[in-house]
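Student: To start, I am sharing the structure in question, which I have written as structure tokens.
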Amino acid sequence: MQRIAVRTSLIVAGLGLIAILAAGCGSSSDAPAGATQMSFSLSDAGCEPNEAKAPAGPIVFDVENAGSSKVTEFEVLDGDTILGEVENLSEGLSGTFSLTLEQGEYTLYCPGGSNERGTLTVAGELQAQSSPRVDAAIAEYRSYLEQNSDELVAATAPFSAAVVAGETEQAKRLYPAARIPYERIEPVAESFGDLDPRIDARENDVPDSEFEGFHKLEQALWVDGTTAAMTPVAKQLLADVEELQRKLKTVDLQAVQIANGANELLGEVSASKITGEEERYSHTDLVDFEANVEGSEAAFAAVQPLVEEKDAELVAQIEAGFEDVYASLEPYRQGDGFVSYEALSTAETRELAQKIDALAEQLSQAPALIVQE
């Protein structure tokens, strides 16, 4: 793969990494060798089951929305750190991810449920599963994360300075470039408690008093047409991306989580960003889309050797899928960026979503192969 520039929607931080086991359920014969496969469902009550126990080690777990319009997300937390999640599961949809957990207690979190939080208790010794090939995959991806966090700080600094100086048009020009490295590594940022909302929350995602970061500034620039009163927001944004840069230097990573992240990045595009809700004021959504795809590709490239020896045909299909998605974006390229997302027709956005969905379906098969390492 030649186009490597990563972001990922589920790289996971934390000292304890997850292997989820539903209470009252046994191991499935469908689980990869060495892993346990378990099931959870989402309902208006929240996560079901709400209390779970698991042996330390790798697990593949499935989450299905059993018919709730209120609860569409399942998370596993270590304190405030998100270890693993599936999002945007509307009624009838399901999602899968694989992780590894050491002994301890973790929180099951299904936002919006009448009983949002449950407990996962993990017992036993976690057997080391490292190998030179796994270590190499993690090292490659860590290098990518650090590179993009450095680029994020470097691009956010002049954007913030332009806002502080009241240079509205300059700030507009600099905004898309600052978004690119963040979109490539956003899933990692999501694992650090409230850091992602501070940087990237959209209006209505958080209480009005907590709406800040990139999209608060986007609104000021494109809707209000002024940077008046935005100096504290711009300065805090720069401080927050610098904090993210520091945290990424010590984040714990697993190969299977990197593979999960490659898939989740694409799922986020087709499930929510395709509607234009991400960059609702600037309409620079296609810049974000390409960054998401680049991040997904780089994440997969890091773990590709681990997948290829198990299923070389799948790797070839995934590589072709990436090229197909890039080709579908090309007609909308304009200069160093893209046309306004408002210029695309409903049919064109639907075609983009279909290309991304097809690639995501192929990528979803990779984590289970890596769990077998």
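Okay, residues lined up against (1) of a type outside the set (D, E, K, R); (2) free of Cβ contacts under 8 Å to residues at least 40 places away in the same chain:
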position: ALA291; (1), (2): yes, no
position: VAL303; (1), (2): yes, no
position: VAL315; (1), (2): yes, yes
position: GLU323; (1), (2): no, yes
position: GLU330; (1), (2): no, yes
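Student: Among the residues of segment 113-135, how many are in contact (Cβ under 8 Å) with a residue 24 or more places away in the chain, over 18 Å from GLY57 (Cβ atoms) and loosely packed, with under 15 Cβ neighbours inside 10 Å?
Tutor: The total comes to 4.
Student: Can you pull out every residue in segment 61-89 that is within 18 Å of the chain's Cα centre (by Cα) and either under 12 Å from ALA35 (Cβ atoms) or not in a strand (DSSP E or B) (or both)? Even if it seems obvious, please write down each step before you answer.
Tutor: Initially, segment 61-89 is screened for residues within 18 Å of the chain's Cα centre (by Cα), giving 61-63, 72-78, 80-89.
Within segment 61-89, PHE61, THR72, GLU73, ASP80, GLU87, ASN88, LEU89 qualify.
Student: Something else: If I filter segment 173-216 down to residues being assigned to a loop (DSSP other than H, G, I, E, B) and touching a strand residue (DSSP E or B) at 6+ places or on another chain (Cβ under 8 Å), which single residue comes out as nearest to LYS235 (Cα to Cα)? Even if it seems obvious, please write down each step before you answer.
Tutor: Initially, segment 173-216 is screened for residues assigned to a loop (DSSP other than H, G, I, E, B), giving 191, 193-194, 201-202, 204-205, 207, 211-212.
Those left that are additionally touching a strand residue (DSSP E or B) at 6+ places or on another chain (Cβ under 8 Å): 191, 193, 211.
On the way: SER191: 22, GLY193: 20, PHE211: 14 Å.
Among them, the one singled out is PHE211.
Student: Just checking, which of VAL269, VAL233 is surrounded by fewer than 22 Cβ atoms within 10 Å (Cβ to Cβ) and part of a helix (DSSP H, G or I)? Lay out the reasoning, then the answer.
Tutor: Details: VAL269 fails: surrounded by fewer than 22 Cβ atoms within 10 Å (Cβ to Cβ).
It is VAL233.
Student: Now for a separate question. Would it be correct to say that VAL325 is more than 30 Å from ALA368 (Cα to Cα), in a helix (DSSP H, G or I) and in contact with a helix residue (DSSP H, G or I) (Cβ under 8 Å, 6 or more places away or on another chain)?
Tutor: On the way: more than 30 Å from ALA368 (Cα to Cα): no; in a helix (DSSP H, G or I): yes; in contact with a helix residue (DSSP H, G or I) (Cβ under 8 Å, 6 or more places away or on another chain): yes.
So VAL325 does not fit the description; no.
Student: Output the residues belonging to segment 344-367 that are of a type in the set (A, V, I, L, M, F, W, C), more than 24 Å from ILE180 (Cβ to Cβ) and surrounded by 20 or more Cβ atoms within 10 Å (Cβ to Cβ).
Tutor: Passing the criteria: only ALA366.
Student: For segment 209-224, check the following and say yes or no: at least one residue is under 21 Å from ALA299 (Cβ atoms), crowded, with 17+ Cβ neighbours inside 10 Å and among the basic types (Lys, Arg).
Tutor: no
Student: May I ask you to list pairs of residues, at least six apart or on different chains, whose Cβ atoms are under 8 Å apart, with the first in segment 220-236 being touching a residue at least 12 places away in the same chain (Cβ under 8 Å) and the second being assigned to a helix (DSSP H, G or I) and polar (S, T, N, Q)?
Tutor: That search, which allows pairs on different chains as well, returns LEU221/THR168; GLY225/THR168; THR226/THR168; THR227/THR168; ALA234/SER160; LYS235/SER160.
Student: Given the condition of a type in the set (A, V, I, L, M, F, W, C), open to solvent by 60 Å² or more (accessible area, probe 1.4 Å), at pLDDT 90 or above and in a helix (DSSP H, G or I), answer yes or no: does some residue in segment 328-343 qualify?
Tutor: Step one: of segment 328-343, the residues of a type in the set (A, V, I, L, M, F, W, C) are 329, 338-339, 343.
Still in the running and open to solvent by 60 Å² or more (accessible area, probe 1.4 Å): 343.
Adding the requirement that they be at pLDDT 90 or above leaves 343.
Next, from what is left, pick out any that are in a helix (DSSP H, G or I): 343.
Checking segment 328-343: at least one residue is of a type in the set (A, V, I, L, M, F, W, C), open to solvent by 60 Å² or more (accessible area, probe 1.4 Å), at pLDDT 90 or above and in a helix (DSSP H, G or I).
Student: From the residues in segment 91-110 that are open to solvent by 50 Å² or more (accessible area, probe 1.4 Å) and under 18 Å from the mean Cα position of the chain (by Cα), which one is nearest to GLY261 (Cα to Cα)?
Tutor: Here the answer is THR96.
The values are calculated or read from the model by the stated rules, or taken from the named source; none is laboratory data. Being a predicted model, the structure only gives us computed values, none of them experimental. Heads up, the Cβs are rebuilt from the backbone with ideal geometry, glycines too, and the neighbour counts pull from every protein chain shown. Accessible surface is based on the protein model in full, side chains and every heavy atom, while ligands, DNA and RNA are left aside. Shrake-Rupley method; radii C 1.70, N 1.55, O 1.52, S 1.80 Å.
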